[in-house]
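Trainee: Here it is: the structure, laid out below.
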Amino acid sequence: MAELIKTDICVIGGGSGGLSVAAGAAQMGAQVVLVEGHKMGGDCLNYGCVPSKALLAAAERAHIGHSNKPFGVAAAEPKVDFKAVMAHVRETIEAIEPVDSVERFSGLGVRVVEATGKFIDRKTLKAGNNIIRARRFVIATGSTAGMPNIRGLKSVPYFTNETIFSLSRQPKHLLIIGGGPIGAEMAQAFCRLGSPVTVLEAEHLLGREDPETVAYVKRQLQEDGVALIERAVIASVAAIGKGARTKITISLQNGDQLTGDTLLVAAGRKPSLASLDLAQAGVSISDGPVPHIIVDKRLRSSNKKIFAIGDVNGGPQFTHAAGYQAGLVIRNILFFLPAKVNFTALPRVTYTNPELASVGLNEAEARDRYAAVKVLRWPFEENDRARAERDMRGMVKVVTTRNGRILGASIVGKGAGDLLAPWTMALAQGLPISAMAGVIAPYPTRGEASKRAAGDYYTPTLFGPRTRKIVGLLSVFRR
């Protein structure tokens, strides 16, 4: 017999966004039910951020010896034990799992229902043998790997980010469809671990980012040995053989063919909606090739008692975006504050080496929206810390209005994700470029490059003829 559960908030989905809502609301005194039909921690812990960064860390260790010689350090060529590498990935996930576990959330006062949920009316969800009626629902079911419409793809063995970290043998030649952040990161990781890699991208590598900064990443991938084919039009995919003898062939529209033994599809993601039966709840779904839940600025669906956060609402597909939205939902539900979503200062990071990090508008986007902009640059070639470390790849690039309002920043180089934080804060708080130029940066750090880039805003006037004339006139009053 079904059990009826009445609660203040029912969260559907135990990924980063859903867990943040459940933990926050429960600790503030709300009754919370969390429904998760698969793995606690969601995509980020099990298939995304955590395993990918663990794999990239292993790849960095395998590669680091290649840059030792200029330091006067001799190192033997590393020997990669692929099974041990994948064990490291699993151990990293296992070390973090307790933080996202059923036991921890039960200890916080959250009732966890381990079942898939579907709506049976506008305010009722069925999950396993439970009927859940809540004052408010929060849908946080995330997304799954999208499948491009390529002839033969569904009939060949392929991996996505949800399965690639279960590999038990090292690819002899990894083919990757998609040159976004996932494709770029996995290409570098597997290449540095010793697998030949070919990336096929329909447009341009990391096409969302500033081309000038992407060029550094592209150059490094190619130096690592990644074969990159941009503007690739795939006609079909086919496979022969089974298991370790499988040969996968990708045929391009121009007649070229590529053959490998392992295929990774990293061509975007689609919101996870199928099992929810949203029509029963009166929740509207967008039209188009990638359906998602339509929400307003307060993250409410067409049924105002039901909120949607994270990938499922069609917004930016980042763990930190879902976490940010979780905080807004808690304010909207528990405190009746009209908290509205604003992604103006949402940072993005691609964790290749060099890293690529950005916030706000890139140069092309800024020029499309503003009649006149200023572009400020400072290369790491002119940074003393980068010189000392012999890693001068990259730059800080900032876009402002003519009067010094910061529109966006892009950083490519070692530790770019960490270096982006001050720019994210400046953009979020509406600080002018003068605030960044006036910072006292510790020496020697890579952070100095941000200060120098900001200072570049004033260079044309500060060292120009007008300033020289003023200084000359003021010299009359010197004693």
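Trainee: Quick check on my filter: what residues within the range 110-142 are in contact with a strand residue (DSSP E or B) (Cβ under 9 Å, 6 or more places away or on another chain) and among the acidic types (Asp, Glu)?
Mentor: Glu114
Trainee: Could you tell me whether the range 438-446 includes any residue that is in contact with a Phe, Trp or Tyr (Cβ under 8 Å, 6 or more places away or on another chain) and either within 24 Å of Ala215 (Cβ to Cβ) or modelled with pLDDT under 95 (or both)?
Mentor: Checked against the condition, which is being in contact with a Phe, Trp or Tyr (Cβ under 8 Å, 6 or more places away or on another chain) and either within 24 Å of Ala215 (Cβ to Cβ) or modelled with pLDDT under 95 (or both), the range 438-446 yields at least one hit.
Trainee: A follow-up question, please. Tell me which residues, restricted to the range 203-247, are touching a Ser or Thr at 6+ places or on another chain (Cβ under 9 Å), farther than 14 Å from Glu355 by Cα and open to solvent by less than 30 Å² (accessible area, probe 1.4 Å).
Mentor: Of everything in the range 203-247, those that are touching a Ser or Thr at 6+ places or on another chain (Cβ under 9 Å), farther than 14 Å from Glu355 by Cα and open to solvent by less than 30 Å² (accessible area, probe 1.4 Å) turn out to be Val226, Ser236, Val237, Thr246.
Trainee: Could you list, in sequence order, the residues of the range 160-174 that are more than 13 Å from Val89 (Cβ to Cβ), more than 17 Å from the chain's Cα centre (by Cα) and open to solvent by 60 Å² or more (accessible area, probe 1.4 Å)?
Mentor: Arg169, Lys172
Trainee: Suppose we keep only residues that are among the β-branched types (Val, Ile, Thr), within 26 Å of the chain's Cα centre (by Cα) and over 30 Å from Ile240 (Cβ atoms) within the range 130-159. Which one would you say is most open to solvent (accessible area, probe 1.4 Å)?
Mentor: Among those that are among the β-branched types (Val, Ile, Thr), within 26 Å of the chain's Cα centre (by Cα) and over 30 Å from Ile240 (Cβ atoms), it is Thr141.
Trainee: Can you say whether Ala58 is surrounded by 15 or more Cβ atoms within 10 Å (Cβ to Cβ) and in contact with a His (Cβ under 9 Å, 6 or more places away or on another chain), as far as the supplied structure shows?
Mentor: Yes: the conditions hold for Ala58.
Trainee: Working carefully through the options Lys39, Lys69, Lys83, Lys79, find the one that is open to solvent by 70 Å² or more (accessible area, probe 1.4 Å), over 23 Å from the mean Cα position of the chain (by Cα) and farther than 22 Å from Ala187 by Cβ.
Mentor: Criteria check complete, one pass: Lys69.
Trainee: Does Lys126 meet the test of being open to solvent by 30 Å² or more (accessible area, probe 1.4 Å), basic (Lys, Arg) and part of a loop (DSSP other than H, G, I, E, B)?
Mentor: Considered against the rule, which asks whether it is open to solvent by 30 Å² or more (accessible area, probe 1.4 Å), basic (Lys, Arg) and part of a loop (DSSP other than H, G, I, E, B), Lys126 comes out as no.
Trainee: Next question. List the helices (runs of 4 or more DSSP H) that sit entirely inside the range 376-468 and contain at least 3 residues that are under 13 Å from Ser358 (Cα atoms) and either open to solvent by 10 Å² or more (accessible area, probe 1.4 Å) or out of contact with any helix residue (DSSP H, G or I) (no Cβ under 7 Å at 6 or more places or on another chain) (or both).
Mentor: 416-419, 421-429
Trainee: Right, here's the next one. Name the residues in the range 234-272 that are of a type in the set (Val, Ile, Thr), in contact (Cβ under 8 Å) with a residue 12 or more places away in the chain and more than 30 Å from Ile285 (Cβ to Cβ), would you?
Mentor: Thr246, Ile248, Thr249, Ile250, Thr259, Thr262
Trainee: I'd like to check something: does the range 6-29 contain any residue that is out of contact with any helix residue (DSSP H, G or I) (no Cβ under 7 Å at 6 or more places or on another chain) and without any contact (Cβ under 8 Å) to a residue 60 or more places away in the chain?
Mentor: Within the range 6-29 (the criterion being out of contact with any helix residue (DSSP H, G or I) (no Cβ under 7 Å at 6 or more places or on another chain) and without any contact (Cβ under 8 Å) to a residue 60 or more places away in the chain), the answer is yes, since at least one residue qualifies.
Trainee: With respect to Val33, is the statement that it is open to solvent by less than 60 Å² (accessible area, probe 1.4 Å) and touching a Leu at 6+ places or on another chain (Cβ under 6 Å) true?
Mentor: No: the conditions fail for Val33.
Trainee: Filter the range 262-290 for residues that are assigned to a loop (DSSP other than H, G, I, E, B) and under 20 Å from the mean Cα position of the chain (by Cα); which is surrounded by the fewest Cβ atoms within 10 Å (Cβ to Cβ)?
Mentor: The selected residue is Val290.
The values are calculated or read from the model by the stated rules, or taken from the named source; none is laboratory data. Remember, it's a predicted structure, so these values are computed and weren't measured experimentally. Backbone-built Cβ (ideal geometry, glycine too); neighbour counts: all protein chains shown. We work out accessible area using only protein heavy atoms, side chains counted, and drop any ligands, DNA or RNA first. Shrake-Rupley method; radii C 1.70, N 1.55, O 1.52, S 1.80 Å.
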